[in-house]
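Accompanying notes for the structure given below.
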Amino acid sequence: MTKTLHFIYTLTFIVGCIFPNIVLANAAELTALGKKSFMSDLGEKIFYRTDPELMDKVAFTKACNKHEGSTALGCFNGRKIFLFKIPEPQLEYMISVTAAHEMLHAAYDRLDKEEREKTDKLLLAVQKGITDADILEKIEDYRKRDASILPSELHSIIGTEILNLPSELEAHYLKYFLNRKALVRLSENYYQDLQARKVSLKNTDSRLDELKKDIELRAKILRTKQSHLNVLKREIDEEASRERIENFNTLATQFNRELKIYEQMIANYNALAKERNSRAKENKILYQALDSKI
């Protein structure tokens, strides 16, 4: 009796994410960015005087990785603003938040000594009342890295992330924004989106770990059954009998059925891994913002 040999497939895990380079944005995108960030005429004037540039990953990393005050999506080097061009259209609003944050750095640099001292006092007073753990962690991170940049960072963080401010400080930001609270809500969406994506990826990783364990266990069982079938096949080759052949065929049919289930489990794993890596590829640089930065 000739039996088709069945081999247990080797598990193939999809790994690695390559974040694509993005074509540089044109002037129209930058022109619209000021409006999307709710900047006032003065805010736009300051923003565009920094000659802002939207960049792909390689160029952005080269431009911003040496700046202590850089965010995950933008940086201001004292003269020029660099922004990362997010490739997903549904996430473009994050560029608006980052543009506003960086513009406020440039605005802070323009304050004279008296204005800066007055603004710093107002910012410190607000800082003492901040209870949001993520914002406090971010502020502390900047303090540890370089305390000298903290006043400017407070100016950008508080201006783009704190909804309710004292009237005097609100009046200060009114010079730069037509609707600062709308910007803050955009910023809140930014972090909610990032957190949701991080949680989703973590849950998918847990699911993949579970599937991998199930696949490895089933592979071990199938190898044992395959070895047993090989023994039975040799016995039949040496001395065939109806009982042995029927028993072998029954076990072989069961093995083939279980092997198909095993193969489907691998296919399901790889499909989920491919989906996971696609999302990780899409969000790779965005997750950096959860650890510190903006």
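The values are calculated or read from the model by the stated rules, or taken from the named source; none is laboratory data. Not measured: the values here are computed from a predicted model. Cβ atoms come from the backbone with ideal geometry, glycine included; neighbour counts cover every protein chain shown.
Structure notes:
- The set of residues from the stretch 126-135 being part of a helix (DSSP H, G or I) and free of Cβ contacts under 8 Å to residues at least 40 places away in the same chain comprises Gln127, Lys128, Ala133, Ile135.
- Within the option set Thr204, Thr160, being assigned to a helix (DSSP H, G or I), touching a residue at least 60 places away in the same chain (Cβ under 8 Å), touching a Lys or Arg at 6+ places or on another chain (Cβ under 9 Å) and closer than 30 Å to Lys260 by Cβ holds for one residue only, Thr204.
- The residues of the stretch 236-248 that are loosely packed, with under 13 Cβ neighbours inside 10 Å and without any contact (Cβ under 8 Å) to a residue 24 or more places away in the chain, listed by number, are Asp237, Glu238, Glu239, Ser241, Arg242, Glu243, Glu246.
- Residues of the stretch 257-294 that are assigned to a loop (DSSP other than H, G, I, E, B) and either modelled with pLDDT of 90 or more or in contact with a Leu (Cβ under 9 Å, 6 or more places away or on another chain) (or both): Lys293, Ile294.
- Verdict on Asn283 being over 30 Å from Leu91 (Cβ atoms), of a type in the set (S, T, N, Q) and in contact (Cβ under 8 Å) with a residue 40 or more places away in the chain: no
- Just one of the listed residues (Ser37, Ser96) is closer than 16 Å to Leu178 by Cβ, touching a residue at least 40 places away in the same chain (Cβ under 8 Å) and out of contact with any Lys or Arg (no Cβ under 9 Å at 6 or more places or on another chain), namely Ser37.
- Single residue of Lys213, Lys138 found to be in a helix (DSSP H, G or I) and within 30 Å of Leu259 (Cβ to Cβ): Lys213
- Meets criteria (assigned to a loop (DSSP other than H, G, I, E, B), surrounded by 12 or more Cβ atoms within 10 Å (Cβ to Cβ) and at pLDDT 95 or above) for Leu123: no
- Residues (surrounded by 14 or more Cβ atoms within 10 Å (Cβ to Cβ) and either touching a strand residue (DSSP E or B) at 6+ places or on another chain (Cβ under 9 Å) or among the charged types (D, E, K, R) (or both)) located in the stretch 126-142: Lys138
- Arg218 assigned by TED's automatic domain parsing to the domain that holds Arg279 and either surrounded by fewer than 12 Cβ atoms within 10 Å (Cβ to Cβ) or under 32 Å from the mean Cα position of the chain (by Cα) (or both): no
- Complete set of residues in the stretch 141-157 that are acidic (Asp, Glu) and not in a loop (DSSP other than H, G, I, E, B): Asp141, Glu153
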